[in-house]
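Have a look at the structure below, then the notes.
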Amino acid sequence: MQKVLILTYYWPPAGGPGVQRWLKFVKYLPEFGIEPVLYVPENPSYPIIDDKLVEEIPKGVTVLRKKIREPYRWASLLSKSKTQTISRGMIAKKKQGFLEKILLWVRGNLFIPDARVAWVKPSLDFLGSYLQEQKIGTVITTGPPHSVHLIGLGLKDKLDIRWIADFRDPWTSIGYHEKLRLSKASQQKHKDLERKVLSSADQIVVTSQATRLEFENITSKPIELVTNGYEDNPYTMALDEDFTIAHIGSLLTDRNPTRLWTVLQELVQTNELFAEKLKIQLVGVVGDEVKDSLAEHGLADYVDFKGYLNHQEVLQLQRKAQLLLLLEIDSAQTAGIIPGKLFEYFAAQRPILAIGPNGWEAGIMVQATESGTFLTPEDTTELNTVLLEWFSRYQEKRLVANPKNIEQYHRRQLTETLANIIRWESS
């Protein structure tokens with residue numbers, strides 16, 4: 001069985017979407033002749049914890065750990081809430097106080113490419129010897145944080161290894177990058193590091209077609225698309241009696257669907273039965289601006305703020321909801337973003353209401369799989385029509401989704417694709 005070393009910052013008990021991708025790859029890789037060896041931080045500062053995910057780590061997998069020095073731990077002494085928000089990449093454009101501006105400037109300009117950069121040198125010192133002793137010839141790095149890729153870069157410079165760089169998100173084009181208050185010199189340093197990583201890795205893996213096209217303009221190295229995915233939802237749940245519209249994940253100002261709130265406001269004001277049955281479920285962090293917007297639209301009494309739920313609870317809620325809401329910032333810059341939850345939405349087999357920018361890759365996938373409807377925020381007339389149609393089906397107990405051709409996104413199928421990439425050798 002071929003051994004590979006996988007470097008990832010996010011690993012259980014980390015919660016959130018960042019940990020799921022490689023947790024599932026590690027689960028299925030042995031079926032395809034690949035033995036994964038994990039390298040993770042020993043004392044990370046994770047913004048979200050999900051202890052239940054620890055139970056999903058495959059038995060017998062080797063996990064190496066090395067201590068990391070993280071400035072977020074020190075910064076939290078000044079403001080824990082602001083530090084956690086910045087560490088998650090959830091940065092509001094408005095209402096930034098003096099302390100937040102300072103923290104953002106420090107994060108953006110003193111820690112390049114990110115606040116985990118202090119993990120690079122000790123990791124290189126440790127892993128250089130380990131790879132030689134264990135005769136491991138393939139290294140995979142996954143980011144963000146993109147500091148992990150700098151470890152791969154350093155190992156590639158030192159050793160005769162094959163290096164695969166997996167990008168779960170873009171680097172310099174990611175939405176929050178422009179909010180980090182970067183100096184021109186810092187912006188250029190990010191671009192230089194990005195180009196160096198993309199030009200030095202033997203193989204690049206991305207999660208969206210848009211990222212592949214972006215990177216093809218930077219490097220001639222081979223780039224493969226391996227999306228995120230789903231496992232079969234194991235829960236059989238009775239549907240909610242209410243007409244529940246559920247959104248999973250952080251919902252901050254930039255994603256605030258004000259047009260949706262306007263349409264829902266009109267429906268509850270003009271349709272007594274709709275008002276009686278409507279419930280909006282929001283799982284995860286919800287920004288104050290979003291809460292204010294809901295109140296301004298007269299929807300505060302219809303909202304159930306669930307807070308953070310562990311992964312098992314999320315899977316159950318997805319099965320119970322009448323509709324699943326998928327949102328993205330209305331910007332050309334975000335058209336290539338494919339939220340990881342989309343694939344679990346597929347597995348839940350509930351209708352998906354996707355609202356995002358024109359040409360949104362995730363929305364197009366919703367349409368292609370016949371999993372729901374994709375609209376832009378401007379499509380308010382169509383949104384009203386869709387909601388009334390789905391509400392009518394809900395009343396008749398025939399609101400269902402039968403997604404087509406989603407098997408390509410199953411974690412096992414995706415892992416087989418990854419295993420073929422790992423085994424590939426240039427001639």
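Every number in this text was worked out from the coordinates using simple rules, so none of it is lab data. Remember, it's a predicted structure, so these values are computed and weren't measured experimentally. So basically every Cβ, Gly included, is an ideal-geometry build from the backbone, and we count neighbours across all protein chains shown.
For this structure, a couple of remarks:
- The charge dipole of the range 243-395, taken about the Cα centre with unit charges on the Cβ atoms of Lys, Arg (+1) and Asp, Glu (-1), comes to about 580 debye, rounded to the nearest 20.
- Inter-part distance, the range 160-239 to the range 303-364, computed on C-alpha centroids, equals 21 Å.
- Student exercise, the range 146-224 dipole from Lys, Arg, Asp, Glu Cβ charges, in Debye to nearest 20: 320
- Inter-label distance, nm, simple model (7 Å from Cα along the C-beta direction), GLU276/LYS3: 6.7
- Local electrostatic count at VAL26 - Lys and Arg +1, Asp and Glu -1, tallied over other residues with Cβ under 12 Å: +2
- Taking the Cα centre of the chain as reference, the dipole from Cβ charges on Lys and Arg (+1) and Asp and Glu (-1) amounts to some 1680 debye.
- The mean sequence separation of alpha-carbon pairs under 8 Å and at least six residues apart, normalised by the residue count of the range 231-288, gives a relative contact order of 55 percent.
- Result for the chain in a Gaussian network model with C-alpha springs under 10 Å: among GLY363, GLY372, GLY284, the largest mean-square fluctuation is at GLY284.
- Sequence-separation-based contact order of the chain, relative, with Cα cut under 8 Å and 6+ spacing, percent: 14
- Based on the reciprocal of the average 1/r between different C-alpha atoms, the Kirkwood radius for the chain equals 22.7 Å.
- Positive-end ranking of LEU53, LEU124, GLY372 along the dipole of the chain, with charges on Cβ about the Cα centre, is headed by LEU124.
- For a straight C-alpha distance cut-off of 23 angstrom, the lysines reachable from LYS277 (same-chain residues fewer than eight places away being disregarded) are LYS291, LYS306, LYS320, LYS397.
- Restricting the GluC sites (Glu not before Pro) of the range 21-65 to loop positions (DSSP other than H, G, I, E, B) with no more than 15 neighbouring Cβ atoms within 10 Å leaves GLU42.
- A Gaussian network model of the chain, with springs between Cα atoms under 10 Å, assigns the largest mean-square fluctuation among TYR302, TYR28, TYR130 to TYR130.
- Charge dipole of the range 243-395 about the Cα centre (unit charges at C-beta), most positive-ward option of ILE352, GLN318, THR381: GLN318
- Pairwise FRET efficiency - ASP288 versus GLU313, Cβ, R0 = 22 Å, nearest 0.05: 0.35
- Ignoring aspartates and glutamates fewer than eight residues from LYS59 along the same chain, the ones with Cα atoms less than 17 angstrom from its Cα are GLU31, GLU35, ASP51.
- Rounded to 10°, Cα long-axis angle of helix 184-200 versus longest principal axis of the chain: 70
- Short-range pairs are left out: with C-alpha atoms under 8 Å and at least six residues apart, the relative contact order of the range 243-395 is 24 percent.
- The range 196-292: GluC sites (Glu not before Pro) in DSSP loop, at most 12 other beta carbons within 10 Å: GLU241
- When the range 176-263 is described by a simple charge dipole with +1 on each Lys and Arg Cβ and -1 on each Asp and Glu Cβ, the residue from VAL226, PHE243, GLN188 located farthest towards its positive end is GLN188.
- Förster radius 25 Å - calculated FRET efficiency between ILE174 and ILE102 (Cβ-Cβ, nearest 0.05): 0.70
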